[in-house]
Amino acid sequence: MKINPYYSQLPANYLFHDIDLRVQAYRTQHPDARLLRMGIGDVTRPLPRVIVDAMQQAAEELAHEESFRGYCPENGYEWLRQTIIDHDFAPRGIHFHPDEVFISEGAGSDLGNLSELFDRDNKVAIMDPTYPAYVDANIMAGREISFLPCLKENQFVPELPAQPVDIIYLCFPNNPTGAVLTRDQLRLWVDYAHRHHSLIIFDAAYEAYISSPDIPHSIYEIEGAREVAIEVHSFSKSAGFTSVRCGYVVVPFETGLQAMWMRRQCTKYNGTAYVSQRAAQATFTPEGQKGIRANIGYYKATASLILQGLRDAGLEVYGGENAPYIWCRAPHRWDSWTFFEYLLNRCQVVSTPGVGFGRCGEGFVRFSAFANRPAAIEALQRIQENI
Ligand code: MLT
């Protein structure tokens, strides 16, 4: 047996697992400490009743012979795929065939698994800082990665690659910086992909947090994107499904990859749980929409509070307006882990060290607005008193 040699090039632990280990160690040493969590982007608001009712009803159906269901289609039920098209795309003038939409157990897995479609011999460009799964998946596949620096100097929006690349990962609204792209900025990337025959993997997990009208929610709002882009969506961040598990990927026929992705899913994926698909469908009902929008509004208000609270503490902050993340420069020229440890030890506040998202994240930490509101308010008080 020979192991995949590229695994040895990965950091020892996945970022959020690494943070968990440090937090657990702190807890063991300080069993009475009341930790306030603003680290991983995990939701805290309860699901709207209509979604829970849909799951209960779906579970009940499985208890009866006449309504029992076995394997779900590998790409998801057509009623959900069509509902997604009707709701998330048609109002923006974007139309897909239901076979171009693939229901999944979540965006995280899709973003890792999509890497399987591509030859090892592809040059990949990834924003830095970035969601670590894109980097890890491509390291596992042994690919050459070039990083696109996202710095204060470029408003955390990367320049087009200096050398031609084959695959580009973009995430907007961005995790972790909270930066967004205007239509004109996104058009530059679509044009680049056409010129260089590259593919863009567009992570739209946070599109529900956009407030500004000139910010595109989908890369397909840009003409010509269907030929050059795959888009990944998550119900985790839009509807609070981090435990329910559901997401979807759009693979337009024009990319030439739709049949390949279907082939991959049929072999390696046995379909998203029926109960989760019914839950996802319920998010699109009027009551479901009302409930999830109220939760998004809650997180956005928490993001504003965090942004202001950190500013009041004299800290330099970015993001948080069209995204649930606040990107905060460490004071005193500290590095990311020093500030992370300071926040943990002095304030009992859990953040995410920016350098965990890439070298250009050094000197920053990220705060998540998915935190529970009273915890966020208390965390800000503790930070203001201790900075
Ligand atoms: C994050 O905190 O960056 C995300 O919640 C992690 C994820 O979505 O897997």
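The values are calculated or read from the model by the stated rules, or taken from the named source; none is laboratory data. Because the structure is predicted, anything quoted here is derived from the model rather than measured. Note that we place each Cβ from the backbone using ideal geometry, even for glycine, and neighbour counts take in every protein chain shown. When the accessible area is computed, the model is the full protein with side chains, heavy atoms only, and any ligands, DNA or RNA have been set aside. Shrake-Rupley method; radii C 1.70, N 1.55, O 1.52, S 1.80 Å.
Values for this structure:
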| quantity | calculated |
| --- | --- |
| Convex hull volume per residue in cubic angstrom - Cα atoms of segment 332-379 | 71 Å³ |
| Nonlocal amide H pairs with PHE172, under 5 Å, H built at 1.01 Å | ASP203 |
| Reciprocal of mean inverse Cα separation for segment 178-234 (Kirkwood radius, Å) | 11.6 Å |
| Under-5 Å amide H pairs with GLU316, H placed in peptide plane, nonlocal only | ARG329 |
| Heavy atoms of HIS194: accessible area, 1.4 Å probe, square angstrom to 10 | 80 Å² |
| Dimensions in Å of segment 44-83 - Rg and Dmax from alpha carbons | 12.6, 36 |
| HN-Hα J in Hz across segment 375-387 - Karplus 6.51, -1.76, 1.60, θ = phi - 60°, x for Gly and Pro | 5, 5, 5, 5, 4, 5, 4, 5, 5, 4, 6, 10, 8 |
| Heavy-atom accessible area ranking, 1.4 Å probe, most first, across MET1, MET38 | MET1, MET38 |
| Accessible-area value, THR352, 1.4 Å probe, nucleic acids and ligands omitted, Å² | 0 Å² |
| Accessible carbon and sulfur surface of segment 206-292 relative to its total accessible area, %, 1.4 Å | 54 percent |
| Sum of -39500 (n - 2.57) over DSSP H runs of 4+, divided by residues of the chain (222 nm, nearest 500) | -11500 deg cm²/dmol |
| Where N is the number of residues in segment 276-387, Cα Rg divided by 2.2 N^0.38 Å | 1.21 |
| Carbon/sulfur fraction of accessible area - segment 1-101, other protein chains in place, 1.4 Å, % | 52 percent |
| Residue-wise HN-Hα coupling along segment 155-172, computed from phi with Karplus coefficients 6.51, -1.76, 1.60 (Hz; x: Gly, Pro) | 6, 6, 10, x, 6, 4, x, 6, 10, x, 10, 9, 10, 10, 9, 10, 9, 9 |
| Hydrodynamic radius (Kirkwood) for segment 118-157, which is based on Cα pairs only, to one decimal in Å | 10.8 Å |
| Taking the convex hull of Cα positions in the chain, its mean projected area over all directions (nm²) | 20.7 nm² |
| Largest-first ellipsoid semi-axes for segment 33-110, taking √(5λ) over the Cα gyration tensor eigenvalues, angstrom | 28, 23, 14 |
| Inverse mean reciprocal Cα-Cα distance (Kirkwood Rh) of segment 22-159, Å | 20.0 Å |
| For the chain, accessible area per residue (1.4 Å probe, heavy atoms of protein chains only), Å² | 44 Å² |
| Spherically averaged projected area of segment 88-193 from its Cα convex hull (nm²) | 7.8 nm² |
| Where chymotrypsin sites (Phe, Trp or Tyr not before Pro) fall in DSSP loop in segment 24-104, at most 15 other Cβ within 10 Å | PHE68, TYR71 |
| Protein accessible area in segment 125-187, 1.4 Å probe - carbon and sulfur % | 53 percent |
| Where the Cα pairs of segment 190-292 fall when distances are cut into 5 Å bins, in % | 2, 11, 17, 20, 20, 15, 10, 4, 1 |
| Other-chain or far-sequence residues with amide H under 5 Å of MET127's (modelled H) | LEU148, TYR169 |
| The chain: most fluctuating residue of ALA313, ALA229, ALA162 per GNM, C-alpha cutoff 10 Å | ALA162 |
| Environment charge of PRO98, counting only residues whose C-beta is closer than 11 Å and scoring Lys/Arg +1, Asp/Glu -1 | -3 |
| Per-residue HN-Hα couplings for segment 69-77 [Karplus 6.51, -1.76, 1.60; θ = phi - 60°; Hz; x = Gly/Pro] | 10, x, 3, 8, x, 4, 9, x, 5 |
